[in-house]
Amino acid sequence: MTHILEISSLRKAYADGFEALKGVDLQINEGEILALLGPNGAGKTTLISTACGITTATSGTVRVGGFDTVENFRQARSIIGLVPQEINLEPFEKVINTVKFSRGLFGKPSNPALIEKILRQLSLWDKRNNQIRELSGGMKRRVLIAKALSHEPRVLFLDEPTAGVDVELRRDMWEIVAELKRDGVTIILTTHYIEEAEAIADRVGVIASGEILLVEDKEKLMARMGKKELEVQLSAPITEVPENLMSDALRLSADGSALIYTYDTKGERTGITQLLADVAAAGLVLRDVVTRQSSLEDIFVDLVHEGEAS
Ligand SMILES: Nc1ncnc2c1ncn2[C@@H]1O[C@H](COP(=O)(O)OP(=O)(O)O)[C@@H](O)[C@H]1O
Ligand SMILES: [Mg+2]
């Protein structure tokens with residue numbers, strides 16, 4: 001399979017010598033949504049700016065649609081749309097002109113129908129004649145997306161599109177991203193909100209201290225790394241775990257009405273059969289059993305902590 005974006009051995013040391021990227025390899029499939037998850041300072045913005053060719057790499061290569069972002073800068077850049085983390089708009093310009101000019105900068109012929117479609121898609125059509133300074137923060141963020149889409153990019157980078165926005169706008173943003181995917185746009189977004197990756201990504205990459213810790217299909221990641229909990233609900237509460245059941249994997253719920261057993265979904269043996277036999281041997285009567293899957297959040301926290309400890 002050909003990749004729309006191929007990042008190989010990418011390193012970036014800033015002028016002060018700080019190494020923000022320590023050899024990043026990343027391949028992106030056409031049409032997918034990749035969420036790059038990482039704490040503040042992980043190197044997400046550096047990675048995106050370098051991938052777009054607006055920050056110079058110290059070494060390594062980036063190819064977009066087959067074009068090297070240094071050797072074939074113009075061709076590579078024409079395929080890329082970038083929604084930056086910081087709002088950088090001309091306050092006195094009208095919304096519609098901001099978006100039109102952006103298309104012009106890429107040397108594309110004017111296309112009023114396309115500009116209208118983009119502005120409508122982002123719920124900006126009614127505001128098209130407003131000056132940027134009259135817009136709310138959320139609306140400005142939509143203008144940034146409209147600008148990035150104005151030259152019909154095949155790959156769209158969104159750098160923390162929902163940082164500091166309210167819950168409603170975040171959901172709108174997710175809807176916009178899903179719609180762009182339906183249009184065939186490949187999307188790479190950075191976020192430090194795990195729920196965002198969980199909600200919209202096809203694949204999740206985790207970055208910390210300039211290194212990609214993993215990139216994996218979201219569903220597989222959750223299944224592979226996830227731990228499950230089995231809650232054994234009792235017909236009558238107990239005050240302590242019976243002696244024959246004592247184990248690190250087992251605890252009593254706060255109200256004593258259930259035993260909570262944590263097990264690994266990738267383990268060959270879950271230990272559930274033995275557990276249930278031991279529960280019966282202890283003379284406890286079951287009311288019900290319930291299982292729960294741990295979230296991407298638990299997985300992420302574990303990973304980043306492992307990275308810090310090593
Ligand atoms: N121009 C710069 N000069 C020196 N260090 C920088 C510069 N820009 C970013 N950094 C450092 O590089 C690291 C990664 O930054 P950044 O890519 O912005 O991370 P993120 O977007 O994940 O929060 C941080 O430690 C940051 O302080
Ligand atoms: Mg950043």
List the extent of the Cα atoms of the range 139-193 along each of their three principal axes, largest first, rounded to whole Å.
-> 28, 19, 16
Which value does Rg/Rh take for the range 176-241 over its C-alpha atoms, Rh per Kirkwood?
-> 1.22
On average over all directions, what projected area in square nanometres does the range 1-120 have, based on the convex hull of its Cα atoms?
-> 9.4 nm²
From the residues V99, V64, L230, which one has its Cα farthest along the dipole of the chain in the positive direction, the dipole being from +1 and -1 charges on Cβ of Lys/Arg and Asp/Glu about the Cα centre?
-> V99
Paramagnetic reach from H305 (point 7 Å along Cα→Cβ, amide N under 16 Å) across the range 185-225 | 225
Relative packing of peptides 172-178, 278-284, 195-201 - highest average C-beta neighbours within 10 Å first | 195-201, 172-178, 278-284
Point-charge dipole on Cβ atoms (K/R +1, D/E -1) for the chain, about Cα centre, debye to 20 | 1620 debye
Backbone HN-Hα couplings from phi across the range 203-210 [Karplus 6.51/-1.76/1.60, Hz, Gly and Pro as x] = 10, 10, x, 10, 10, 8, 6, x
For the range 3-222, calculate the relative contact order in percent as a whole number, restricting contacts to Cα pairs under 8 Å that are 6 or more residues apart.
-> 30 percent
Nearest 10 degrees, 0 to 90: helix 272-281 Cα axis against the chain principal axis = 30 degrees
Translational D (Stokes-Einstein, µm²/s) of the chain at 10 °C and 1.306 mPa s when Rh comes from the Kirkwood sum over C-alpha pairs?
-> 72 µm²/s
222 nm [θ] for the chain, helices only, -39500 (n - 2.57) per DSSP H run of 4+, per residue, to 500?
-> -10000 deg cm²/dmol
Relative frequency of Cα-Cα separations exceeding 19 Å in the range 227-293, percent | 23 percent
Of the listed peptides 90-98, 35-43, what is their order by residue-averaged count of other C-beta atoms within 10 Å, with the highest listed first?
-> 35-43, 90-98
Residue among T2, S247, Q131 farthest towards the positive dipole end of the chain, charges placed on Cβ = Q131
Sorted by average packing, counted as other Cβ atoms within 10 angstrom per residue and highest first, what order do 231-238, 142-149, 117-124 take?
-> 142-149, 117-124, 231-238
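All of the numbers you see were taken from the coordinates with simple rules; none came from a lab. Predicted model only: the values in this text are computed from it and were never measured. Counting neighbours? That spans all protein chains shown, and the Cβs are built from the backbone with ideal geometry, glycine included.
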